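Everything on this sheet refers to the single structure shown next.
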Amino acid sequence: MQPTRQVLRQLAVRFGLIGESPMMIQAMARLLQVAPTDLSVLVTGETGTGKEVFAHAVHELSQRKKAPFVSVNCGAIPETLLESELFGAEKGAFTGSVEQRKGFFETAHRGTIFLDEIGEMPIATQVKLLRILESGEYSRLGSSDVLKVDVRVVAATNRDLAYEVRQGRFRQDLYFRLNSVNIHLPPLRQHPEDIEYLVEFFAQRAADKNIIPYNGIDALALQLLQQQPWPGNVRELRNIIETMVTLEQGACITEEMVLRYLPQESQDPSPTPMALMSLPVPNQRAQEFDVQVLYRTLLQLSTDVAEVKTILRHLLSMSVPQEPQLPVAPPISPTPVPTADPLEIRPRGSTPAPSSSSDQLDLPTLERQAIETALRRTQGNRRDAAKMLGISERTLYRKIDEYRL
């Protein structure tokens with residue numbers, strides 16, 4: 001059953017759920033259908049599509065609305081601490097555990113727990129989560145006592161969990177248990193007709209918050225916004241609108257104003273030869289692929305250079321045969337050999353400079369540039385940057401530490 005216009009207005013005012021496109025209406029209809037029940041819900045969609053907003057709405061429209069709503073970002077908690085954070089720990093269960101502590105599930109008793117980025121959860125923790133979903137039973141870390149809890153689980157992910165199951169990174173039984181009800185949120189580029197309503201909502205909210213007037217948006221500016229790819233989805237649109245309204249003191253949003261606040265990559269589709277690392281790409285998938293391939297190529301080059309260095313060291317360390325009848329070989333001349341180094345990358349027509357190292361690639365610099373590019377394109381979102389680079393989030397944190405970014 002499709003929600004009426006009055007119901008859509010109530011969802012917008014109460015939860016900030018905005019949209020009148022068929023895809024958004026379908027998502028909101030599923031929300032209204034499942035919220036009063038006690039079923040587990042899996043909310044899927046790209047980063048920034050509003051998964052946590054839907055999770056809040058599921059809780060507030062349920063019989064558990066007077067009990068706690070606990071939000072947990074599974075990707076932001078180190079793997080070694082996630083289990084104790086979710087299920088609690090006894091005193092002395094691990095180094096630094098000086099007292100018994102409750103876990104998030106115990107805190108959310110009789111309420112709702114929102115497990116964001118569920119696809120990041122380790123397999124061992126998935127087993128315990130499945131146990132809670134099936135029987136409500138769990139044990140604190142460091143204890144054999146079985147406790148019971150009454151909690152509704154709403155999970156969210158921007159990953160394809162069916163693919164993760166096939167790759168052996170996510171338990172199939174847990175996937176089926178969570179996916180009993182799925183609410184999929186489409187990326188903003190697939191329903192640009194909703195941008196008009198989203199702009200009005202975010203602009204008016206920013207104006208009210210800062211006690212300034214909001215004088216609307218002209219047709220050309222709205223058309224320009226509707227043509228953008230929005231890799232950050234609704235979150236990215238909200239940030240730009242709130243910034244414009246606040247800094248421009250409520251002036252009417254014009255096309256020229258939008259161009260000033262849009263990211264440079266969205267405005268100039270032409271390639272810039274002098275800034276290869278900042279080349280814009282037509283969509284987010286191509287952008288992620290570009291940086292990921294670059295980063296993997298750098299890693300492969302690093303491995304190849306290391307192997308060549310090892311071979312060179314081995315050759316140089318080999319002893320010359322000490323036979324009296326043979327003259328001692330003259331020392332190798334340091335004069336550069338005019339042949340091209342297969343590992344050296346030089347502009348055409350440039351003169352090679354002598355070097356004492358066995359490779360001419362400054363790989364740490366290239367790796368640092370790849371990480372900086374990924375962070376810039378994801379607006380500092382480290383999880384998205386790690387996904388773009390094709391590495392784990394923990395590896396990215398270590399690299400950021402190593403290069404002091």
Would you mind stating whether ALA12 is surrounded by fewer than 19 Cβ atoms within 10 Å (Cβ to Cβ), assigned by TED's automatic domain parsing to the domain that holds GLY111 and either among the charged types (D, E, K, R) or in contact with a helix residue (DSSP H, G or I) (Cβ under 7 Å, 6 or more places away or on another chain) (or both)?
yes
Would you check if there is a residue in the range 224-240 being of a type in the set (Phe, Trp, Tyr), in contact (Cβ under 8 Å) with a residue 24 or more places away in the chain and more than 16 Å from PRO192 (Cα to Cα)?
no
Which listed residue is among the acidic types (Asp, Glu), touching a residue at least 24 places away in the same chain (Cβ under 8 Å) and surrounded by fewer than 17 Cβ atoms within 10 Å (Cβ to Cβ), from GLU106, GLU134, GLU120
GLU134
Looking at the range 190-217, I want the residues that are assigned by TED's automatic domain parsing to the domain that holds VAL258 and farther than 15 Å from GLU248 by Cα and have a partner that is of a type in the set (Val, Ile, Thr) and assigned to a loop (DSSP other than H, G, I, E, B) with Cβ atoms under 6 Å, at least 6 apart or on another chain. Which pairs are those?
TYR197/ILE18; LEU198/ILE18; PHE201/ILE18
If you go through the range 137-156 one residue at a time, do you hit one that is assigned by TED's automatic domain parsing to the domain that holds GLY50, closer than 20 Å to HIS59 by Cα and within 18 Å of the chain's Cα centre (by Cα)?
yes
Given (1) buried (at least 16 other Cβ atoms within 10 Å of the Cβ); (2) among the basic types (Lys, Arg); (3) over 16 Å from SER180 (Cα atoms), where does LYS148 come up short, assuming only one miss?
(1)
Assess whether ARG205 counts as being within 22 Å of the chain's Cα centre (by Cα) and among the basic types (Lys, Arg).
no
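For every residue, the table says whether it meets (1) within 19 Å of PRO122 (Cα to Cα); (2) outside the structural domain of ASP116 (by TED's automatic domain parsing); (3) surrounded by fewer than 16 Cβ atoms within 10 Å (Cβ to Cβ).
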{"site": "GLY16", "(1), (2), (3)": "no, no, no"}
{"site": "GLU20", "(1), (2), (3)": "no, no, yes"}
{"site": "GLY48", "(1), (2), (3)": "no, no, no"}
{"site": "GLU52", "(1), (2), (3)": "no, no, yes"}
{"site": "PHE87", "(1), (2), (3)": "yes, no, no"}
With respect to LEU32, is the statement that it is more than 18 Å from LEU188 (Cβ to Cβ), more than 27 Å from the chain's Cα centre (by Cα), surrounded by 13 or more Cβ atoms within 10 Å (Cβ to Cβ) and in contact (Cβ under 8 Å) with a residue 12 or more places away in the chain true?
yes
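The values are calculated or read from the model by the stated rules, or taken from the named source; none is laboratory data. Note that the structure is predicted; figures quoted are calculated from it, not measured. Reconstructed Cβ throughout: ideal geometry from the backbone, glycine too, with neighbour counts over all protein chains shown.
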